[in-house]
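Everything below concerns the one structure shown next.
The values are calculated or read from the model by the stated rules, or taken from the named source; none is laboratory data. Given the structure is predicted, the values throughout are model-derived calculations rather than measurements. Methodologically, a virtual Cβ is constructed for each residue, glycine included, from the backbone with ideal geometry; neighbour enumeration extends over all protein chains shown. When the accessible area is computed, the model is the full protein with side chains, heavy atoms only, and any ligands, DNA or RNA have been set aside. Shrake-Rupley method; radii C 1.70, N 1.55, O 1.52, S 1.80 Å.
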Amino acid sequence: MAQGAPSNTAGPVADATPSRDFDTVVVLDFGSQYSQLIARRVREVGVYSVLLPWDTPRHEIANLKPKGVILSGGPASVYDPGAPILPTWVLEEELPTLGICYGMHLLANALDGTVESAAKREYGSASISTIESSPLFQGLPDTIDVWMSHGDHVTRLPAGFAAIAGTSNAPIAAMSDGRRFGIQFHPEVVHTPLGRDLIRNFLVEVCRCRTDWTADHFIDSAVDQIRSTVGDGRVLLGLSGGVDSSVAAALIHRAIGDRLTPVFVDNGLLRLGETDLVREVFGRAFGMDLVFVDASERFLSNLEGVEDPEEKRRIVGAEFIRVFEIEAERHGPFEFLAQGTLYPDVIESTSPDTKAAVKIKTHHNVGGLPADLSFSLIEPLRYLFKDEVRAVGRALGLPNEIVERQPFPGPGLSVRIIGPVTAADLALLRQADAVVREEIDALGPESGVWQYFAVLLPIRSVGVMGDDRTYGRVCAVRAVASEDAMTADWARLPSETLARISTRIVNEVHGITRVVYDISSKPPSTIEWE
Ligand code: XMP
């Protein structure tokens, strides 16, 4: 949405107002970390959805002709001074409404029910049992596991509402008056296993939506939006060879053809063989004139001695932009800079779209932009999650070797060397990482591993090789299962694979004498170590 765009940009383009051949449901954002996940779950069912700030003007909502509205959760309590309130149009428009957690409290409060602080904050899994039949729970078992995360709860129903499900701790876990629904739990998170079915029930049984929104629809509306944003202008794009920038390139290329110039920068922080692979694949798959720049020396000298991960991100981000500016002069003029920023990058860097989300890491393609940026930004994937981007990539006809690539952070190996980055450490890490990737690749997609890599630690450890004592570096192996990088679980790799990785690294990478396996999940740990 335009409100979320920095003032010096043309604004993100992925939330283009949809054409009217499919149904739309609006998600109002009251500040939950999961708000965008709700919109994404709705799209998974095949209904177009947009996430809008809770105080979006009524006429903007009306333009979308929504068939229903979902009120997100949020960190506030309805009685907090200055807390977000329920816009009056939500009650006046008489649309089917689903209030989730804080959204339920808002409904109850606005309709003269009572919301109170619970004696004990409820956080984690709970079982809810249906009390009476309701379209929301149609086809679901009488008891389902759900994810709770709340301090307040509804203690007295508004007039005309009935409790439709409860738990031992929250007798009113779900309420409805037939058109409006309030639920105390979060159906959008994976910890509510049947949450998707419940959302589908709301969309299909209550809102009567058609479920025909697809990646092709996204492409059509994004292409239209890119054309209208760019006009006759030209676009410069940083192509890393990863899924995000590749899909952004293909999408923008479809919209404006040769007025897109993709630039591939070797920043010296790439994985083994990556530069050759990217040049080869892109020459073949895209038929675009790729501009290749070897800027590794410049990146490494700027990173010299830098230990702080946020500083590394800032430097890498700023250097990327500087390099683009040089290339823009050389190949320009360009009015626009395109980036493959995804929603998880946005939410974890805190943007105005997610007013209440707490900053966790600054992803270079959001937070590291210098203030004197001289391009307008185009970020067509800004509201999508990784697997949605893959679906768009497939629909655009990109080859599997690009669409299925595991994510790789923009700051590259600089955030996988804990401490200062040196050319020697980069060489060690590259070799170790290649072993990790080879061995896990060999397991095939059935392994369910989503992202895997090596991390070089800044400690030395004693070992023995032959008759000699060694005192070498320690490398950590990170492998996680995830759906969208928002949460991740450490991968239960076969012990033979772990054994092969360890033996090979210690034997093949001279300088590493110990290998450890990271058994942390996200949260509380993040996927990357820095
Ligand atoms: P974390 O470590 O935050 O990572 O759990 C989530 C996903 O994002 C990737 N990542 C980054 N991507 N710039 C990026 O473009 C970054 O600075 C960055 N840091 C982490 C990470 O590899 C994982 O897939």
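Sort 468-477, 180-189 by the packing proxy (mean of other Cβ within 10 Å over each peptide's residues), most packed first.
180-189, 468-477
Listed highest first by mean packing, meaning other Cβ atoms within 10 Å per residue, what order do 524-530, 99-105, 402-408 come in?
Ranked from most to least packed, the peptides come out as 99-105, 402-408, 524-530.
What size of dipole, in debye to the nearest 20, comes out for the chain about its Cα centre when the only charges are +1 on Lys and Arg C-beta atoms and -1 on Asp and Glu C-beta atoms?
360 debye
Where in the chain are the DSSP H helices whose alpha-carbon span along the long axis reaches 20 Å or more and whose Kyte-Doolittle mean is at least -0.5?
Span-like helices in the chain: 215-230, 423-441.
Hey, what number do you get for the chain at 222 nm if only DSSP H runs of n ≥ 4 count, each worth -39500 (n - 2.57), divided across all residues, to the nearest 500?
-9500 deg cm²/dmol
If you place +1 on the Cβ of every Lys and Arg, -1 on the Cβ of every Asp and Glu, and leave all else neutral, what size is the dipole of the stretch 416-517 about its Cα centre, to the nearest 20 Debye?
So the magnitude is around 420 debye.
Send over the Kirkwood Rh of the stretch 230-345, from the inverse of the averaged 1/r over different Cα pairs, rounded to one decimal Å.
For the stretch 230-345, inverting the mean 1/r across all distinct Cα pairs yields 14.9 Å.
Find the Rg to Rh ratio for the stretch 34-118, where Rh is the Kirkwood radius over alpha-carbon pairs and Rg uses the same atoms.
Across the stretch 34-118, the Cα-based Rg/Rh ratio is 0.96.
Across the stretch 407-452, what fraction of all alpha-carbon pairs, as a whole percent, falls in each successive 5 Å bin from zero upward?
4, 19, 25, 22, 15, 9, 4, 0
Placing +1 on the Cβ of each Lys and Arg and -1 on the Cβ of each Asp and Glu in the chain, which of 83, 39, 104 has its Cα farthest towards the positive end of the resulting dipole?
So the residue we want is 104.
What number results when the radius of gyration of the stretch 24-206, computed over Cα atoms, is divided by 2.2 N^0.38 Å?
Normalised Cα radius of gyration, the stretch 24-206: 0.92.
For the chain, what is the percent of antiparallel DSSP beta bridges, rounded to the nearest 5?
Around 50 percent antiparallel, to the nearest 5.
Using only alpha carbons, build the gyration tensor for the stretch 416-517 and give me the equivalent ellipsoid semi-axes, biggest first, whole Å.
25, 16, 11
Give me the percent of accessible area attributable to carbon and sulfur for the chain, probe 1.4 angstrom. Intermediate results must be reported in sequence, preceding the final value.
On the way: 10660 of 21200 Å².
That fraction is 50 percent.
How large are Rg and Dmax for the chain when only the alpha carbon atoms are used, in Å?
Taking only Cα atoms of the chain, I get Rg and Dmax of 24.8, 82 Å.
Roughly how many Å is it from the Cα centre of the stretch 467-513 to that of the stretch 267-316, as a whole number?
Value for the Cα centre distance between the two parts: 24 Å.
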